[in-house]
Amino acid sequence: MKGGGAKAVEKQHASGKLTARERIDYLFDPGTFTEFDLFAKHLGRDYGLDKAEVPADGVVTGYGKINGRETFVYSEDFTVIAGTFGEMHGRKVCKTVDLALKMGKPVIGINDSGGARVTEEMGALSTYGQLFFRHVRSSGCIPQIALIMGPVAGGQAYSPALMDFIFMVEKSSYMFIAGPPLVKAVVFEEIDEANLGGPKIHATISGVSDLTVRDDRACLDTTKELLSYLPLNCNEKPPYVETGDSPDRLAEDMIDIIPADPKKLYDVHKVIKRIVDNGQFFEIKPEYARNLVVGFARMNGHVVGIVANNPLVMAGALDVKCSQKAARFIRFCNAFNVPLINLQDVPAFLIGSKSEREGIIRHGSKMLYAYAEATVPKLTVVLRKAYAGGYLAMCSKDLGADFLFELPTGEICLMGPEGAVNILFRKEIAASDDPEGTRAEKNKEFFDKFVNPTYSAGLQHVDDIIDPRRIRPTLVRALEVSLNKFDQLPPKKYGNMPI
Amino acid sequence: MAEEMTAPMIGKIIKVHVSVGSHVDEDEPVVTLEAMKTEMPLVSPINGVVKEVRVQPGQLVEADDVLAVIE
């Protein structure tokens, strides 16, 4: 029970980390953790490992209750030969995922390992493969959460990548498929661990990580908070909680937050905070593709997934990165019965040669695919701009929104007045004595006729034009009437999503 | 330490709020970029002094172009 012994534990603490068992104690309700395979013996036969004592083979496995709800865990023990992944270590981890799937309970993987145990060769490699296979087969059945609380190097990095969420601890964690020495030897690049695969890199640039947390305790607290929004498996609804926030609460200052001038910016977080219960919003990937915001919240106690453009960053335009971020979140919500709330203020997909070369057509289509595929309740509010493909990609009624509401500041249209007027009245403007005056006049005419919310509402693209102060009450009513929505995809093996 | 401010996306500079040598606070607008039908104030990442301004109003910029250097 002491892991790798007092000296190794002291070293673990000195590096700011809790031990594998301390993490488990902190995560589970007191007295509920039940361990299995404590006595599993390692299978190393070479290089003297056959004579070595490897407590629990470097990983603690079991189940317990987190806020009263059963959850499986495997927690790698860095104090035992650096938590290396040997064959029995891997078998224990695989068994944990197998049990979690069979019992329909989430699995949490606490990663803190030096990587594959080289002396066990194929025993380690093959078990990696078996673990990947299990993550994939369990995907969409049970939530799988990876906590990176130390190193995760080499092939093992693909285990978290195949799970649903990845949290990384500041300073003590990193993930890469090859560490600095190998990188230097093979591609001659000199780089340290933090810059190769530290939390900052993965939270802001690669998008591998979903959240950076301050230390071990914050990581475990954040995990408990995430679990509070998730069902135990795909056959359950997410947990309802009384929040004490009135569904009829109005946001008096919403008119000041969303500027009427479409060229002015605002932070959509302010809108989200005012419409969800008690302003509590659990944001996923807050530092990656910040032009789009995703996360979990509650509305009148019911869990919802929020997808919102953020005009503050890149005018809220949809680019390659944010399309991927949104599509992955939408698909998670759909798999686990979390209704979607979509807040639109989108000027368009990002245009230009850079965006085209990055493959905006291929990646942008992921959002269209994810929304069209989703059968959970889908409720959309057009806060302001809703232009062209961006309007469809943020879930218009055509992509399956059950209800769509528009604020008086909304602008739903195929093309903005400037672009449209240039095409429609090019000759007239050129022939005019006052081209700029004619242009302005045609702009206004076009705006009043086609961009005005009453035009799209008149054609049933919008269910109602609402007062900005009433976004919350309107959404709560629409959500509650949608909770038992029935929708089904045609029978198929699976769709061919543009991945 | 000098911080380079880069364009987040392709667009047109419509206003330069500072000049070389002037002091800027963190989050104070340095230039305004017009793109995707929106005017975006691009703010200083740090408290500091403007060392270089590499753009002028009306100039077109590409994503990642350096707009100004703050020290």
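Counting only helical runs of four or more DSSP H residues, what would the 222 nm mean residue ellipticity of chain A come to if each run contributes -39,500 (n - 2.57) and the total is spread over all its residues?
Working: 19 runs with 178 residues, N = 499.
My calculation for chain A gives -10000 deg cm²/dmol from helical runs alone.
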Quiz item: Against the longest alpha carbon principal axis of chain A, how many degrees, from 0 to 90 and to the nearest 10, is the axis of helix A:87-103 turned?
Solution: 50
Self-check item: Distance between segment A:158-188 and segment B:13-70 - C-alpha centres, whole angstrom
Solution: 35
Practice problem: With everything on Cα atoms, drop me the angle between helix A:360-373 and the longest principal axis of chain A, reported from 0 to 90° to the nearest 10. | Solution: 90
Quiz prompt | Listed residues A:C395, A:M88, A:N443: farthest to the positive end of the dipole of chain A (Cβ charges) | solution = A:M88
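What total accessible surface area, summed over both chains, is buried at the interface between chains B and A, computed with a 1.4 Å probe and given in Å² to the nearest 100?
Values: alone 4270 and 22780 Å², together 25870 Å².
Approximately 1200 Å² gets buried when B meets A.
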Self-check item: 1.4 Å probe, heavy atoms, protein only - residues of segment B:9-51 losing at least 10 Å² accessible area vs chain alone
Solution: B:M9, B:I10, B:E34, B:M36, B:K37, B:T38, B:E39, B:M40, B:P41
Exercise. Can you send over the carbon and sulfur percentage of the accessible area for chain B, probe radius 1.4 Å, protein chains only?
Key: 48
Exercise. Report in % the part of the accessible area of segment A:191-310 that belongs to carbon and sulfur, leaving out ligands and nucleic acids; probe 1.4 Å.
Key: 50
Quiz item: Out of every Cα-Cα pair in the protein assembly as shown, what percent are more than 47 Å apart?
Solution: 21
Quiz prompt | Descending Cα extents along the principal axes, segment A:141-279, whole Å | solution = 62, 43, 26
Quiz item: How much area per residue is accessible in segment A:119-274 when the probe is 1.4 Å and only protein heavy atoms are counted (Å²)?
Solution: 47
Quiz item: In nm², what is the average projected area of the convex hull enclosing the Cα atoms of chain B?
Solution: 3.9
Quiz prompt | For segment A:19-91: accessible area per residue (Å², 1.4 Å) | solution = 45
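Within segment A:87-147, which GluC sites (Glu not before Pro) sit in a loop by DSSP and count at most 16 neighbouring Cβ atoms inside 10 Å?
On the way: sites: A:E87, A:E120, A:E121; in loops: A:E121.
Listed in order of number, the matching sites are A:E121.
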Quiz prompt | Two-site label geometry, A:L125 and A:D261: point separation in nm, points 7 Å out along Cα→Cβ | solution = 6.4
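Any idea what the relative contact order of chain A is, in percent, if you count C-alpha pairs under 8 Å spaced at least 6 apart?
Values: 1022 pairs, mean separation 45.5, N = 499.
The value is 9 percent.
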Exercise. Over all alpha-carbon pairs of segment A:205-271, lay out the pair-distance distribution in 10 Å bins, whole %, shortest bin first.
Key: 14, 22, 32, 28, 3
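Can you pull the mean other chain C-beta count within 10 Å for peptide A:349-360? Each step should come with its number before you reach the end.
Values: counts 1, 5, 4, 7, 2, 5, 3, 0, 0, 0, 0, 0.
Mean shielding by partner chains, rounded to a whole number: 2.
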Exercise. Taking 7 Å along the Cα-to-C-beta vector as the label spot, tell me the A:D25-A:K41 distance in nanometres, rounded to one decimal.
Key: 2.9
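Could you give the semi-axes, largest first, of the ellipsoid that matches segment A:379-499, computed as the square roots of 5 times the alpha carbon gyration tensor eigenvalues and rounded to whole Å? Please list the in-between numbers first.
Values: eigenvalues 253, 79, 18 Å².
Semi-axes from the Cα gyration tensor: 36, 20, 9 Å.
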Self-check item: 0 to 90° range, to nearest 10: angle between helix A:471-482 axis and chain A longest Cα axis
Solution: 70
Quiz item: How many percent of the alpha carbon pairs in segment A:1-79 exceed a separation of 16 Å?
Solution: 55
Quiz item: How big is the antiparallel share of DSSP beta bridges in the protein assembly as shown, given as a percent to the nearest 5?
Solution: 50
Quiz item: In segment A:187-256, which GluC sites (Glu not before Pro) are in a loop and have at most 15 other Cβ atoms within 10 Å, using DSSP for the loop call?
Solution: A:E189, A:E190, A:E236, A:E242, A:E252
Practice problem: Within 10 Å of each Cβ in peptide A:259-265, how many partner chain Cβ atoms are there on average? Round it to a whole number, please. | Solution: 2
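The values are calculated or read from the model by the stated rules, or taken from the named source; none is laboratory data. Just so you know, these numbers come straight off a predicted model, no measurement behind them. Cβ: placed from backbone, ideal geometry, glycine included. Neighbour counts: every protein chain shown. Accessible surface areas use protein heavy atoms only, side chains included; no ligands, DNA or RNA. Shrake-Rupley method; radii C 1.70, N 1.55, O 1.52, S 1.80 Å.
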